[in-house]
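Down below is the structure, laid out as structure tokens.
The values are calculated or read from the model by the stated rules, or taken from the named source; none is laboratory data. Because the structure is predicted, anything quoted here is derived from the model rather than measured. Backbone-built Cβ (ideal geometry, glycine too); neighbour counts: all protein chains shown. Note: accessible area is taken over every heavy atom of the protein model, side chains too, but ligands, DNA and RNA are not part of it. Shrake-Rupley method; radii C 1.70, N 1.55, O 1.52, S 1.80 Å.
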Amino acid sequence: QVQLVESGGGLVQAGGSLRLSCAASGRTANSYAMGWFRQAPGKVREFVATISAGGSTRYYTDSVKGRFTISRDNAKNTVYLQMNSLRPEDTAVYYCAAGARPAVALRKDIDYWGQGTQVTVSS
């Protein structure tokens with residue numbers, strides 16, 4: 001069993017930055033690929049970024065490439081999402097996810113979800 005707890009969300013102006021954190025607990029947490037998804041009001045949950053268990057492979061959805069960076073510190077059992085140049089369309093609840101796959105870019109890849117953290121970008 002893996003528990004995921006997100007933090008770091010908040011309100012920021014367009015062009016600003018935020019860093020989300022996801023603390024994972026559980027004996028095998030570091031063996032899981034991790035990812036970030038987001039869900040805006042009235043929209044489906046969508047993939048944002050994923051990182052492999054060892055941290056060597058990363059994928060991003062096109063709309064965040066060059067602005068967001070996913071990273072992990074396995075010594076701290078924590079995954080991060082650094083978000084720069086934020087836009088109003090980035091406003092959503094951001095969810096951390098873990099899966100026993102090389103990467104977690106599809107909802108079917110997910111074994112565990114966090115509770116979500118709200119990110120609001122004002123124009």
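Figures for the structure shown
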read-out	value
Sequence of PHE37, PHE47 from largest to smallest accessible area, 1.4 Å probe	PHE47, PHE37
1.4 Å probe accessible area per residue over the chain, in Å²	50
The stretch 21-109: trypsin sites (Lys or Arg not before Pro) in DSSP loop, at most 15 other beta carbons within 10 Å	ARG27, LYS43, LYS65, ARG67, LYS76
The stretch 45-123: C-alpha gyration tensor shape, a/c 1.5 cut-off, then a/b vs b/c	prolate
Linear extension gain, ALA40 paired with LYS76, 0.36 nm per residue minus alpha-carbon span	10.0 nm
Accessible surface of TRP113 - all protein chains present, 1.4 Å probe, nearest 10 Å²	80
Charge-dipole axis of the chain as Lys and Arg at +1 and Asp and Glu at -1 on Cβ define it, positive-most pick from GLY9, ALA53, THR117	ALA53
The stretch 39-123 - charge dipole about Cα centre, Lys and Arg +1 at Cβ, Asp and Glu -1, debye rounded to 20	80
Unit charges on C-beta of K, R, D, E only; dipole of the stretch 9-69, Debye	40
Given charges at Cβ of Lys, Arg, Asp, Glu: the chain dipole, positive-most of CYS22, GLY35, SER63	GLY35
Sulfur and carbon atoms: percent of accessible area, the chain [1.4 Å]	48
Charge context of SER71, other residues only, Cβ under 12 angstrom, K/R +1, D/E -1	+3
